[in-house]
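The values are calculated or read from the model by the stated rules, or taken from the named source; none is laboratory data. The shown structure was predicted, so the numbers you read here are calculated from the model rather than taken from an experiment. All Cβ positions, even for glycine, are placed from backbone atoms using ideal geometry, and neighbour counts span all protein chains on display.
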Amino acid sequence: MMKKEELSEELLACQNSLQTCRQEAEGATQKLSGLRETIGSRQKELQELDAQKDELKAAEAELEQLRQSKLRSEGELGSLRLQHEELQAAVTSLSGEKDEKQRSVASLHEQLQDLQRQVSEMKKEKEEELMKKEELSEELLACQN
């Protein structure tokens, strides 16, 4: 009789532990989902920055053509150089932003991998607890018989 009560208590403890693991796994899964959304958003931002960088490079090429034309026709090179430097600064700034976003995405990928490892470990623990629960159930059933 005492063994049956001990097994019942242990089974209840395992069930409680299993429920906790399930809740933790669900929380980790939700966090993974959030990180995936963030990564998607950051990748879209990177694409937008790439498009802006291409536009700035095209504008820079157009500026160079204007500079040559101005040199031949009016000699107002100073103003165009200033514009060219501003565009180069903008391209440099966008390149820095892109690098920062890429580092952020890499960091998020690492976090995602860590969470995936944690979820895998929790699943493994859950399986082990389920196996224990089945063994305890079998022992309890054997005790009852």
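Tabulated values for the structure
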quantity: Which listed residue, of Leu136, Leu94, is part of a helix (DSSP H, G or I), at pLDDT below 90, surrounded by 11 or more Cβ atoms within 10 Å (Cβ to Cβ) and more than 32 Å from the chain's Cα centre (by Cα); calculated: Leu136
quantity: Residues within region 18-45 that are under 14 Å from the mean Cα position of the chain (by Cα) and hydrophobic (A, V, I, L, M, F, W, C), tallied; calculated: 4
quantity: Number of positions in region 17-41 that are closer than 28 Å to Ser107 by Cβ and either surrounded by fewer than 15 Cβ atoms within 10 Å (Cβ to Cβ) or touching a Pro at 6+ places or on another chain (Cβ under 9 Å) (or both); calculated: 11
quantity: Residues of region 101-131 satisfying the condition of being more than 9 Å from the chain's Cα centre (by Cα) and in contact (Cβ under 8 Å) with a residue 40 or more places away in the chain; calculated: Lys101, Gln102, Leu115, Gln116, Gln118, Val119, Met122, Lys123, Glu125, Lys126, Glu129, Leu130
quantity: Which listed residue is in a helix (DSSP H, G or I), under 23 Å from Lys98 (Cα atoms) and out of contact with any helix residue (DSSP H, G or I) (no Cβ under 8 Å at 6 or more places or on another chain), from Glu55, Glu45, Glu6, Glu26; calculated: Glu55
